Every structure is written in C-alpha cells, then in structure tokens.
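The values are calculated or read from the model by the stated rules, or taken from the named source; none is laboratory data. Model, not experiment: these values are computed from the prediction. As a convention, Cβ positions derive from the backbone with ideal geometry for all residues, glycine included, and neighbour counts pool all protein chains shown.
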Amino acid sequence: MLLPAGALPQGQEHDELIYCEGNLALADRSAFHREICCRGTFASGFGALLQAVAADGEAVLGEETEVSRWVDARGRVLLKRGSTVRSRVSSLESIELEPQASAQSLYAPLVFTSGYQPFPDGVAGEAVASPIPASVSAPMWEPARVPGAVFTRMTPDTWLVRGDLNLPAGTRLAEKLVVQGELRSGADCYFASDIKAADVIAGPRNHFLGNVVSEDGVELGEGGVVTGNVVAETAILLCAGVRVGREGRPVVVNAGGEVRMKPNVAVHGKIAAVRAVSAL
C-alpha cells in the first residue's frame, strides 16, 4: 500500500506492506500485520500492534505499543512507557526508553533511559580517562591490606583471589583482577584494568577502565562509570547515573538473562539480553 504523508484512521487492521512517502502517524490501537517503511518520521498511537518498522526520520512508539520484530531508524527512536519490541531496535542517532519499555537488543551511538543528564562538556572524558579520579584519595591497593583473602599472581599484571573479595570504599586497583567468588566493592573505588568474578556488586561511583565480566550477575551502583564491555551470564542491573562506554568508543552490555536499567542511565553502543532489556 503506497501512502502520502499523513495519518491513518483509528481502529483499522492492515495486512499489506505499507510504504509512506513522508511522515506517518498511526491512530491508537491500530494493527499492522506486515512491515512499515516510512521515508519521514514515524509515530504510533497508544496500544498499536506492529510487525516491523523502518523510518528514514525518527521513530516514536506510543505507550503500550507492541512490535513483533524490529524497529530501525536513521533518527532517534523513542520507546514510550510500556512499549515492547520483541527483537532489535537500532538508530543512527539515539534510543530512549521510558519506564517499563523493553526490547531484546538495542544498538545506537547513545542508548539512555528517562531522566538522562549528560555530563557537562569535558567532564565525561575526565571521568573515564583520568588515571586517578579526583574523588579517590586512598593509597594504591595492595593485596596484603585486605584481610581474609588469598591472592596468587596469575601473570605479571593479574591477581587471582580465591574466594570472595570485599574492597573498602576508595580502593584503587592498578592491575587486572580475577575473583573466584563474589567481588563486592564500596563507594568510590577505581579499577584501572579488566575485572572478572563469579559475581560483581559494585558500590556507588565506582570507575572501571576495562571490561567487567561475571559468571553470574553484575550490579553497578549509582553514578558508576565503565569504559569497557559489561558481560554477565545471568542479569545486569545498571543503577541511576551509570555510564557505559563513551562517544566514539561503543561497547557491549550483554546478559544471558536480562538487563535492567534505572533512570538516568546511558550506554554508548549495544545492549543485548536473552530475555529482555528493560527500563525500570
């Protein structure tokens, strides 16, 4: 079905492929059983049922809209409250998720949740690139300072910890770390390289300048920053204010279960999960 720019009436079901030469707006509770291609901006009303959407402009999914397959757009994509995409969402600009919105995977230069507040110019780069953040004043971490843990040198730049490891607030770690048990860190900790553990629970404002990998789950506390990938076998929770990746250096956040994101979370790159990626 070839359409000019405009709006389609409410309550109709369509089995045809839809090609629109301009902007396209769908009424509430519309149902489309084939793909939609829009040369302009696409917007759906409340409770629409869609198969797949491609837009040359922006794409806005109304509240409680459900897409069985994918959404691709050159412009920004907005998933309003309660909207669901069963497969991928991609954008050449950005993707925003309102609370209770979800998809299986998202890819864009910037993926963020409601309430996102960008860092002021220059601050983001300093936050992730500085060898010693200004907020961290504790001395460099040494294994002997952590009681109750057993340390072994795996390589010249990697420590192995047998069992659980609890790091106090303000700890700074310059080398790679492998923890066979749970890694739990206090506030304002700093990790200059890769981290791998059976489980990762990071406190507020932790900085990771490498990858974070877990055999179980990952929880990043409020205001945390990760410049590398975040990978977990089960679930990932990104608390408010978390930043992963940075502009021009996309990363991957991947979970074998689900990825949940609280308000004011931003990821540069791809987020994927076996179950769902959702905004809380």
Count of the stretch 27-40 residues which are crowded, with 20+ Cβ neighbours inside 10 Å, touching a strand residue (DSSP E or B) at 6+ places or on another chain (Cβ under 7 Å) and either touching a residue at least 40 places away in the same chain (Cβ under 8 Å) or not in a strand (DSSP E or B) (or both): 0
Contacts under 7 angstrom Cβ, first residue in the stretch 225-239 being in contact (Cβ under 8 Å) with a residue 40 or more places away in the chain, partner in a loop (DSSP other than H, G, I, E, B), 6 or more apart: Thr227/Leu209; Thr227/Gly245
Which listed residue, of Arg205, Arg246, Arg260, is modelled with pLDDT under 95, within 20 Å of Phe112 (Cα to Cα) and not acidic (Asp, Glu): Arg246
Scope the stretch 67-95; condition more than 18 Å from Ala48 (Cβ to Cβ) and among the acidic types (Asp, Glu); matching residues: Glu93
Among residues of the stretch 46-64, those that are outside any strand (DSSP E or B) and either under 15 Å from Ala27 (Cβ atoms) or under 23 Å from the mean Cα position of the chain (by Cα) (or both), counted: 8
Qualifying residue in the stretch 70-82 (condition: part of a strand (DSSP E or B), in contact with a Phe, Trp or Tyr (Cβ under 7 Å, 6 or more places away or on another chain) and of a type in the set (Val, Ile, Thr)): no
Qualifying residues in the stretch 73-87 (those that are surrounded by fewer than 18 Cβ atoms within 10 Å (Cβ to Cβ) and charged (D, E, K, R)) - the one nearest to Gly22 (Cα to Cα): Arg74
The one condition in (1) buried (at least 19 other Cβ atoms within 10 Å of the Cβ); (2) assigned to a loop (DSSP other than H, G, I, E, B) that Val253 fails to fulfil: (2)
